[in-house]
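Read the structure below first, then the notes.
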Amino acid sequence: MRPKRVDELIGGNLYWIVKHRLVAGLEILRFEDREDGRIDIVCSADLKTVAPTPRRAHQGWRYLENADAPSGDDDGTGVGALPPQLYGRLAALALV
């Protein structure tokens, strides 16, 4: 289904949540209608990693306001520089 806020989404990001953590985003370039009635989301090829941010699991679209969207900047803790496997193990132990 086509999102209701399509015009606001173009130029924004489609974020990836892996194991309850927001980890990366792709810039949304446009939406294209297909002949079968579905919608294609065309994203840039540049995957931008962000410092892992806890998020609850959800299904479907969720809109992040600019204040809630993660920045690509390091948050100063160094957690974003950890290898993903190490971060996952530390998070499983509730150390990060």
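The values are calculated or read from the model by the stated rules, or taken from the named source; none is laboratory data. Note that the structure is predicted; figures quoted are calculated from it, not measured. Glycine also receives a Cβ, built like all others from the backbone with ideal geometry; neighbour counts cover every protein chain displayed.
Just give me the residues in region 1-38 being assigned to a strand (DSSP E or B), under 17 Å from residue 49 (Cα atoms), without any contact (Cβ under 8 Å) to a residue 40 or more places away in the chain and not aromatic (Phe, Trp, Tyr), in sequence order.
14, 18, 24, 26, 27, 28
Please go through region 61-80 and pick out each residue that is farther than 16 Å from residue 16 by Cα, surrounded by 10 or more Cβ atoms within 10 Å (Cβ to Cβ), modelled with pLDDT of 70 or more and not polar (S, T, N, Q).
79
Among the residues of region 27-60, what is the count of those that are closer than 30 Å to residue 77 by Cβ and surrounded by 10 or more Cβ atoms within 10 Å (Cβ to Cβ)?
Here the count works out to 13.
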